[in-house]
1. Mind counting the residues in the range 256-267 that are assigned to a loop (DSSP other than H, G, I, E, B) and surrounded by fewer than 20 Cβ atoms within 10 Å (Cβ to Cβ)?
2. Could you grab me the full set of residues in the range 193-233 that are under 25 Å from S251 (Cα atoms) and either open to solvent by 80 Å² or more (accessible area, probe 1.4 Å) or hydroxyl-bearing (S, T, Y) (or both)?
3. Consider only pairs whose beta carbons are under 9 Å apart and that are at least six residues apart or on different chains; among these, list those whose first residue lies in the range 209-232 and is more than 19 Å from Y196 (Cβ to Cβ) and whose second residue is open to solvent by 70 Å² or more (accessible area, probe 1.4 Å) and not in a helix (DSSP H, G or I).
4. For the range 268-323, give me each residue that is aliphatic (A, V, I, L, M), more than 26 Å from G118 (Cβ to Cβ) and either open to solvent by 20 Å² or more (accessible area, probe 1.4 Å) or out of contact with any strand residue (DSSP E or B) (no Cβ under 8 Å at 6 or more places or on another chain) (or both).
5. (1) farther than 29 Å from P172 by Cα; (2) at pLDDT 95 or above: which one isn't true of G66, the others all being true?
6. Report every pair of residues separated by at least 6 positions or lying on different chains whose Cβ atoms are under 6 Å apart, first residue within the range 261-283 and polar (S, T, N, Q), second surrounded by fewer than 22 Cβ atoms within 10 Å (Cβ to Cβ) and modelled with pLDDT under 95.
7. Quick check: is even one residue across the range 216-234 hydrophobic (A, V, I, L, M, F, W, C), within 20 Å of the chain's Cα centre (by Cα) and more than 23 Å from P294 (Cα to Cα)?
8. Hey, any hits in the range 118-140 for a residue that's within 30 Å of M1 (Cα to Cα), in a strand (DSSP E or B) and among the hydrophobic types (A, V, I, L, M, F, W, C)?
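The values are calculated or read from the model by the stated rules, or taken from the named source; none is laboratory data. All values derive from a computational prediction rather than experimental measurement. Glycine also receives a Cβ, built like all others from the backbone with ideal geometry; neighbour counts cover every protein chain displayed. The accessibility values were calculated without ligands, DNA or RNA, using every heavy atom of the protein model including side chains. Shrake-Rupley method; radii C 1.70, N 1.55, O 1.52, S 1.80 Å.
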Amino acid sequence: MRILYGVQATGNGHITRARVLLPALQAAGVEVDVLLSGRAPEQLFNMECFGRFETRRGFTFVTSAGRVGWLKTLRQSRPVQFWRDYRQLDLSRYDLVLSDFEPVTAWAAWHQGVPSLGIAHQYAFHHPIPGTGFKPWLKPSLKLFAPVDDAVGVHWYHFDAPILPPLVAPPPYPLTEEPDKILVYLPFESMDEVIYWLSAFPKYRFRVYCNIATPEQRGPLELQPFSRDGFQRDLCSCAGVISNAGFGLCSEAIQAGKKLLVKPLHSQVEQRSNAAVLKQMGLANTMSELALEPVEAWLAQSSPSPSPWPDVATALAQWIASGRQQSLDALGCELWQQEYVRQFSPSHARLRQPLL
């Protein structure tokens, strides 16, 4: 079997998922080529595990000061180029297109009649998920952005739907805790505001990953350039994580047993829903704006125990390689019944409420 794996590169969560699923597919005997879109190639980092890969422009959000700029997003989109990219992409060599919410490969598969399968957090929103409210446009818009024949959504809970647990690799380093060390990843916020805001807590060391070339020290803030390995080392040794409400990092923090404080990106339904689910499951504190009070209260809290996720990547890779003979419902039941589920014990009734 030969697969073209399309990965949305606007956020690191999609790439993190691909770092786990790609080797699992290869271990299952699948030949995989990778295409990424949504980010300029020069902005990608630590991509050695993907070998040779292709890139396309695709689509991405334009953000400023913690908010999606929809008008700017529309202005910077290039629909004609997108049309050309997916029309010219030759899929004749592939048995299946796998899309992690990546639009070029998904639309090319639709145009050429090649079977397609979507695996992404976004596909969980094909089902009723808390925090989305009444938004009848959500499911159609997700299908329009990256249409696939079949979709597999991943989330922190199944919501009585064929949704799987997150695809997360085990922690690559021993899990320790330096009580004063806080990992910060807020790429959508104003860095000046983040520095001002966190400087009020000089007793802590904030390791902040941001778009800089070399490390800098700003009072209690240690600014670090993007590095996958460095980030993982800090995640395994920190006491807690402050971030936006992206699915990938939150999943890794939960697994590592790190307390979470999240600020969802404004005007972004996915992150608002993520924050609502995290709060209801008792997995994170949330805040709508950068402010001192919620940070101070969160810093005083203790960390939870590590909660390892099942090996979803291997299960999915074997499921795909075998021709998906087992139903997705059956696969999900096997994975959700594993040991870690009993650690959360969320209130089912609360998780069904469509909180705003």
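1. So the count comes out to 2.
2. Y204, Y209, N211, S227, R233
3. Going by the 9 Å Cβ cut-off, the qualifying pairs are P225/N211; P225/A213; P225/T214; P225/P215; F226/N211; D229/P172; Q232/P172.
4. Selection gives L290, A291, L292, A297, A300.
5. Tallying (1) farther than 29 Å from P172 by Cα; (2) at pLDDT 95 or above, G66 fails exactly one: (2).
6. Qualifying pairs under 6 Å: S267/R67; S267/V68; Q268/V68; S273/T132; Q280/R350; Q280/L351.
7. Yes, the range 216-234 contains a residue that is hydrophobic (A, V, I, L, M, F, W, C), within 20 Å of the chain's Cα centre (by Cα) and more than 23 Å from P294 (Cα to Cα).
8. For the range 118-140, residues within 30 Å of M1 (Cα to Cα), in a strand (DSSP E or B) and among the hydrophobic types (A, V, I, L, M, F, W, C): present.
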